[in-house]
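Q: Shown below is the structure under consideration.
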Amino acid sequence: MLRNIGLTILGLSTAVLALSQVLSDELEPAPKRVVVVPIEGEINGITARALKQRMERAQSEGVDVVVIRLDTKGGLLMPALDISETIKSAEDIHTVAYVDKEAYSAGALIALACNEIIIRDLGRIGDCAPIIMQGELKGTEREKAESPVRAEFRDSAVRNGYNELLAESMVSMDISVYKIEHFQTGEIRYVNKREVRLLSDYDPRVEELGKVLPTEGKKPQTKQWKYLKTVVDSSDLLTMTESEAEEYGFAKAIVKNEQEAQAYLGVSSWETWQWDWGELAVAFLNSMAMTGILTAVGLLALYVALNTPGFGVPEVVALVCFATVFGSKHMAGIAEWWTMALFVVGVMLLLVEVLVLPGFGVAGVAGIICVVVGMLGMVMPKDPGKFPFPRTPVAWDMFWGYLAWLIGGFFAFIVGVILLAKYLPRIPKLGRLVLAAAPAASAADAARAPDLAPGVDVGQIGVALGPLHPAGQVRIGEASVDVVTEGELIDAGSEVEVVRREGNRIVVRSRA
């Protein structure tokens, strides 16, 4: 009997343990999937596009946490605002900014857009005032540039529980922020000068360390608020060390390495979605320097192509250079289709002017205008529904930067043309890329050939009936004769002089 009871109890115990194990397995939450998206270097349109693609991928794959690892000194404003919007609109994804080394300017804007911030030991964050290379922003210009950035920082502060005044002090100067403490309750507040006056009879010496602020009552000796420190002075922007970021409520944790960051998030590892080679290549080709270099090389190749017969290497090089310039801008979401079309139309007009029409007139001028407008339009930041014209100081800064490199590329093209014209025909193998002068006819050949230009001798003067590029027709006396220059291009209507005659080959030069 006792044995049966014991076996029954043992069986029930085993069943209970098995059932509890099953229930615990079912109730145990699935491990979190954490993905790291790095943002390093300059923030631009390519950065915004790459991050948006990764956030969309994270949503489609059911990622739980996206960690945006920041190591940047900042970048362009509009792409940073786009990234902030992308982060805030992500549904069912917890976003974490991991300040690996530094997150200045646009990097700070992105960090505050995330649900929380963790910062590495010796990390820095802050200083997000709009700046330009051409000078200091003042007055209305500064306010126009700062206003949308302050609004974005305020929105991030409200969403994620940061102090709004401290957030704005990363953007605007002329904001003094003080940290004060209530004697009785120990409450900590961050206030500016106006808010200090509302709290108490303002003491202008509030900036002095340890100063105690009196309350609003008639008895100022009843002191309630104690001054602790000046967080940021009106002449500075808030830039925080890792300990200050934690003290002021921005950073949730300070970590020494990735392992501590993973431990904070409750995972043992995470995935890293690096930039692929195509994105890195587009970023490199979109730099101002590469835009200028590719433009110079493309123009040089186009010049050589116009001076060589057929279709060959120069034409291919020119096509590749300009396709790369416009294609990389389009892939980065910068250039619109009409800027590329305008550039192509400009090049076609220039070709018509040089190869078909006499002189240099309307087609040539229109071609130059189309080329210039197309190239400048491709480097202007997109503003949906509007002509790409610089409307902010930052956009103007970008415009002047690209313009400087384009002008540099044009001057490099001019120098290259001079060098090519002088040395290219003398270089072995490369000299075959340009047209060489036709070999002189032998005396026997000249004697046997009929004279197609009787009466035309060396030293005679004529007028070009059309452009000589380098061949064409000239009127000498009452006759129209075929001539060739020594390589120079002569406009229609110009006076020319016969400098050499080799049978029926008449060589002329301009008298200008």
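The values are calculated or read from the model by the stated rules, or taken from the named source; none is laboratory data. The structure presented is a predicted model; accordingly, all values stated were derived computationally and were not measured. All Cβ positions, glycine included, derive from the backbone under ideal geometry; neighbour counts span all protein chains shown.
Q: Select from region 297-326 the residues that are at pLDDT 75 or above, more than 23 Å from the chain's Cα centre (by Cα) and not hydrophobic (A, V, I, L, M, F, W, C) and list them in ascending order.
A: Scanning region 297-326 gives Tyr303, Pro314, Glu315.
Q: Ser20 is checked against (1) under 24 Å from Gly266 (Cα atoms); (2) modelled with pLDDT under 85; (3) of a type in the set (S, T, N, Q) and fails just one. What number does that condition carry?
A: Result: Ser20 fails condition (1) only.
Q: If you don't mind, there's one more thing I want to ask. Tell me yes or no: at least one residue of region 249-260 is closer than 15 Å to Leu166 by Cβ and surrounded by fewer than 19 Cβ atoms within 10 Å (Cβ to Cβ). Reasoning before the result, please.
A: Residues of region 249-260 that are closer than 15 Å to Leu166 by Cβ, as a first pass: 249-251.
Next, from what is left, pick out any that are surrounded by fewer than 19 Cβ atoms within 10 Å (Cβ to Cβ): 249.
There is at least one residue in region 249-260 that is closer than 15 Å to Leu166 by Cβ and surrounded by fewer than 19 Cβ atoms within 10 Å (Cβ to Cβ).
Q: Right, next: Would you point out the residue of region 282-296, among those that are modelled with pLDDT of 75 or more and within 20 Å of Ala50 (Cα to Cα), that is surrounded by the fewest Cβ atoms within 10 Å (Cβ to Cβ)?
A: Only one residue tops the list, namely Phe284.
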